[in-house]
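Comments concern the structure below.
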Amino acid sequence: MKKATKILAASLSAAMLLTAAPVTALAASDAHLNFGCYVYSTSFDPAHYQNAAWQGMRWGITECLFKFNDDASVEPNLCDTYEVSEDHKTWTFHIRDGVLFSNGDPCDAQAVADSLNRLFNVCATTDYSSTPNQYIDMASIEADQAANTVTIVTNVAYADLTGPLCFPFYSIINVEGDTTDAEHAGGYSTSIIATGPYVLSYFDELSKSGELVANENYWNGEVPYGSITMTFIEDDTTKAYALQSGDIDLTENVTTISDLQTLAADDAYYISQKDGVRTGFAYVNFDGVLGNDALRQAVFMAIDGQTLCDVTVGGMYTYGPGVLPVGLSYEDENLDNPWAYNVDAAIALLDENGIVDTDGDGIRELDGENINLNFVTYKNRCLDTFAEAIMTQLSVIGIGVNVNSTDSDTNWMMMQAGQYDLLNQNWTTVGTGDPTAFLLNWYGNGGDNFYSDENTDASNYCHYDNEEFNALYEQFTQSLDTEERNDLVVQMEQILVNDCAVLVHGYYNSTMISNASKVTGAEIPAFDYYWLSTDIKPAE
């Protein structure tokens, strides 16, 4: 097959030229780290849940063929070079020579192909809820063991497949040496064998805490810590206290502003804060009471997003109506918001449409029923704080809200089942290098068939369907022109704003805090797939 002579993006051209780094032997270490963090799942299997896929990578257990830099450029990881066909449907990846899994088995072309095939097969044939087809429309995956290459053929052309292959779904695990399968009780939690610098040696599902040890077969240099205790801490203030008391040496995302200010004022602690690529937002379920346009528009006008970001969560978020952070250079600052904060206009709109309180109980009715929105949330990155504050703001216009605070896995399952009116999340918006995957959340595919039981790849969990948005999204996914793609993104964002299709809280500023006398190199990455990297080391 004739090969393309160049890669479209300059950063990818540079990545393609890199050659395999020499495998460096592990230096023995008895250093220990105590890391207090939020634990999103009791599973580490990338096929099991999206949260599980992220957790395996965040804990330094799993790795992908490629990884992101902070500027969204891609660098080789388990793959060192690749080629792409002229039609951008056949991608051949050379697997880095000499890489071993943590149990000593070779991470070669066949192992990589087996891992990726297992991902797609398991997700298609079990009740596992990861959606690898969401980001890669896969036709086939085959290994050439002699050349140590894996060839991926896709059903559609991709401008760049290396970005999607950075996503934690596509972490490479040892299928032969692993015991993970749908029937293995609990196997998805503790038996993952992968290539990262650390290995899970123990995990307690009740406390959601675990122990890591150094991967003695790690391929990419020294592993700084011989062991790490990962302690589940849900409450932000508890994270800060644990750091101050010396119970932990490192933590992520303290979002209580008073605690963060106290730590910042003390030279004993180092705070890494970054304007990342995350948006906090609430799904709006169009297959429920918020499918009523007037009600939905009034709800949006009654919410003071600027105050929520600046005051309620103390600047941990930067407000904006668009779904993408303004720092991503899509000219989002030009978006027009027809539903900006205006309580009087919200009340008038409800009254004009007969959405009134007929029985004097303080709650307006629609179709004879009190409006009590089911707002599903969980305690992470101020999401529960937003939900509680929005409940208060909507009470001013006579809209009731029941805040249902769950754990992250339950939140995710309720999202997939449509068991909510509002449900908030905090997502990396360019998790595959551009917003293709994120904007898929609102792609309706032009009809009810999108929501059928047969469509196992559906990602639109809010039942939003706008023909103009769908057409622009399809044009965006087919375009290979950067300027055109950027313009299409802004058009799609404006449609979402006009339709009140998604309630944007704001753009999140991530943090990682360390004890400066014990830890060095603890920087929060823009793509926070990578919490435990080998850059985090004992302070000398």
- request: Being open to solvent by 50 Å² or more (accessible area, probe 1.4 Å) and of a type in the set (S, T, Y) is the filter; apply it to the stretch 318-330 and report the residue that is modelled with the highest pLDDT.
  value: Y319
message: Going residue by residue through the stretch 214-233, is there one that turns out to be part of a helix (DSSP H, G or I) and surrounded by fewer than 20 Cβ atoms within 10 Å (Cβ to Cβ)?
response: no
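D448: at pLDDT 90 or above and of a type in the set (D, E, K, R), yes or no? Working first, answer last.
Values: at pLDDT 90 or above: no; of a type in the set (D, E, K, R): yes.
No, not satisfied.
Condition first: modelled with pLDDT of 90 or more, out of contact with any Ser or Thr (no Cβ under 9 Å at 6 or more places or on another chain) and under 30 Å from D259 (Cβ atoms). Can you find one or more residues in the stretch 347-361 that meet it?
Of all residues in the stretch 347-361, those modelled with pLDDT of 90 or more come to 347-361.
If we keep only those that are out of contact with any Ser or Thr (no Cβ under 9 Å at 6 or more places or on another chain) too, we end up with 347-361.
Remaining after also requiring under 30 Å from D259 (Cβ atoms): none.
No, there is no match, as no residue in the stretch 347-361 is modelled with pLDDT of 90 or more, out of contact with any Ser or Thr (no Cβ under 9 Å at 6 or more places or on another chain) and under 30 Å from D259 (Cβ atoms).
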task: Quick one: count up the residues across the stretch 102-132 that are open to solvent by less than 10 Å² (accessible area, probe 1.4 Å), polar (S, T, N, Q) and either under 23 Å from A159 (Cβ atoms) or assigned to a loop (DSSP other than H, G, I, E, B) (or both).
output: 1
statement: Within the stretch 282-298, the residues that are within 25 Å of the chain's Cα centre (by Cα) and surrounded by fewer than 17 Cβ atoms within 10 Å (Cβ to Cβ) are D287
message: Filter the stretch 78-101 down to the residues that are open to solvent by 50 Å² or more (accessible area, probe 1.4 Å) and either under 18 Å from A53 (Cα atoms) or modelled with pLDDT of 95 or more (or both) and list them by number.
response: E83, K89, D97, G98, L100
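Among residues belonging to the stretch 244-256 that are among the aliphatic types (A, V, I, L, M) and modelled with pLDDT of 95 or more, point out the one that is surrounded by the fewest Cβ atoms within 10 Å (Cβ to Cβ).
Residue satisfying both the conditions and the ranking: L250.
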- request: Determine which single condition C500 fails, assuming it passes every other condition in (1) over 19 Å from the mean Cα position of the chain (by Cα); (2) open to solvent by 40 Å² or more (accessible area, probe 1.4 Å).
  value: (2)
- prompt: Just checking, how many residues over the stretch 133-158 are assigned to a loop (DSSP other than H, G, I, E, B) and open to solvent by 30 Å² or more (accessible area, probe 1.4 Å)?
  reply: 8
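Considering only strands (runs of 3 or more DSSP E) fully contained in the stretch 331-446, which possess at least 1 residues that are open to solvent by less than 40 Å² (accessible area, probe 1.4 Å) and aromatic (F, W, Y)?
Working: elements: 372-378, 400-406, 422-428.
Ranges flagged: 372-378, 422-428.
Here is a yes/no grid of residues against (1) in contact (Cβ under 8 Å) with a residue 24 or more places away in the chain; (2) closer than 29 Å to T358 by Cα; (3) out of contact with any strand residue (DSSP E or B) (no Cβ under 7 Å at 6 or more places or on another chain):
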residue: D384; (1), (2), (3): no, no, no
residue: A387; (1), (2), (3): yes, yes, no
residue: M391; (1), (2), (3): no, yes, no
residue: G398; (1), (2), (3): yes, yes, yes
residue: V403; (1), (2), (3): yes, yes, no
residue: D409; (1), (2), (3): yes, no, yes
residue: W412; (1), (2), (3): yes, no, yes
residue: Q416; (1), (2), (3): yes, no, yes
field: Scope the stretch 257-281; condition more than 29 Å from G433 (Cβ to Cβ), open to solvent by less than 40 Å² (accessible area, probe 1.4 Å) and hydroxyl-bearing (S, T, Y); matching residues
entry: Y269
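Residue-by-condition table, conditions (1) acidic (D, E); (2) buried (at least 20 other Cβ atoms within 10 Å of the Cβ); (3) at pLDDT 90 or above:
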| position | (1), (2), (3) |
| --- | --- |
| K2 | no, no, no |
| S13 | no, no, no |
| F44 | no, yes, yes |
| T62 | no, yes, yes |
| D70 | yes, no, no |
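Residue-by-condition table, conditions (1) farther than 14 Å from T511 by Cα; (2) modelled with pLDDT of 95 or more; (3) assigned to a loop (DSSP other than H, G, I, E, B):
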position: A242; (1), (2), (3): yes, yes, no
position: Q261; (1), (2), (3): no, no, no
position: Y270; (1), (2), (3): no, yes, no
position: K274; (1), (2), (3): no, no, no
position: Y283; (1), (2), (3): yes, yes, no
query: Failed condition for M301, given (1) closer than 25 Å to E252 by Cα; (2) out of contact with any strand residue (DSSP E or B) (no Cβ under 7 Å at 6 or more places or on another chain); (3) surrounded by 15 or more Cβ atoms within 10 Å (Cβ to Cβ); (4) in contact (Cβ under 8 Å) with a residue 40 or more places away in the chain, with all others met?
result: (1)
task: Considering only residues that are modelled with pLDDT of 95 or more and open to solvent by 10 Å² or more (accessible area, probe 1.4 Å), look in the stretch 504-518 and name the one that is farthest from the chain's Cα centre (by Cα).
output: S517
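The values are calculated or read from the model by the stated rules, or taken from the named source; none is laboratory data. As the structure is a prediction and not an experimental result, all values here were calculated from the model. Cβ: placed from backbone, ideal geometry, glycine included. Neighbour counts: every protein chain shown. Areas reflect the complete protein model, heavy atoms only, side chains present, ligands, DNA and RNA absent. Shrake-Rupley method; radii C 1.70, N 1.55, O 1.52, S 1.80 Å.
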